[in-house]
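Some notes on the structure that comes next.
The values are calculated or read from the model by the stated rules, or taken from the named source; none is laboratory data. Values in this document were obtained by computation on a predicted structure and should not be read as measured data. Methodologically, a virtual Cβ is constructed for each residue, glycine included, from the backbone with ideal geometry; neighbour enumeration extends over all protein chains shown.
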Amino acid sequence: MKKINIRFNASPTTQITRGVHALSAPERMVGLLKHLGLADDEAMLIAECKQVHTFFMKFPMDAIFVDKGGVVVGIESLKPWRLSKIHWRAAAVIETNYGWAQRHGIAIGTTAEVTPC
C-alpha cells in the first residue's frame, strides 16, 4: 500500500494525514477488514470503485465517493454488514472513520486532493 495525504476543500484543516492507497487486487479485496477501527486522521483510498460493502467488518465507516477530478459525488455512513448504493459517477472511494464526513463538513461537490507522503 502506498501512503498518501488527502486534503478536502471544506476547510484548510480538513485533511487525512495517515491515508493509504490500496493498489493491488488483494489490498483492494481486503480493504479495512483486518482493522479494528480508524483514527480520525486515517483513511483508505480505493480507485476504480463505485460500490463498497461492510460485510465482516468490525466497525462502521464513512464511504466518500469521488469522481476522476476528486469531486465528491456520494457519501454514505455504513454500519457493518451493509452494502452501499452504486455511485455510477464515482472513480474511487475514500473510506474514513464513521461520521467523519459530517463532522468535517464534507458534502456533495467538495473536492478532495490526494498527494503522496
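Of all the residues in the range 32-55, those that are in contact (Cβ under 8 Å) with a residue 24 or more places away in the chain and more than 18 Å from residue 85 (Cα to Cα) number 11.
Picking from residues in the range 1-58 that are within 14 Å of the chain's Cα centre (by Cα), over 14 Å from residue 115 (Cα atoms) and basic (Lys, Arg), the one that is modelled with the highest pLDDT is 50.
Residues that are touching a Phe, Trp or Tyr at 6+ places or on another chain (Cβ under 6 Å), surrounded by 14 or more Cβ atoms within 10 Å (Cβ to Cβ) and under 20 Å from residue 3 (Cα atoms) within the range 37-87 comprise 61, 62, listed in sequence order.
Considering only residues that are outside any strand (DSSP E or B) and either touching a strand residue (DSSP E or B) at 6+ places or on another chain (Cβ under 6 Å) or of a type outside the set (Ser, Thr, Tyr) (or both), which ones fall in the range 1-20?
Step one: list which residues in the range 1-20 are outside any strand (DSSP E or B), which gives 1, 9-14.
1, 9, 10, 12, 14, listed by residue number.
Checked against (1) in contact with a Phe, Trp or Tyr (Cβ under 9 Å, 6 or more places away or on another chain); (2) exposed (fewer than 14 other Cβ atoms within 10 Å of the Cβ); (3) under 18 Å from residue 21 (Cα atoms), residue 112 passes all but condition (2).
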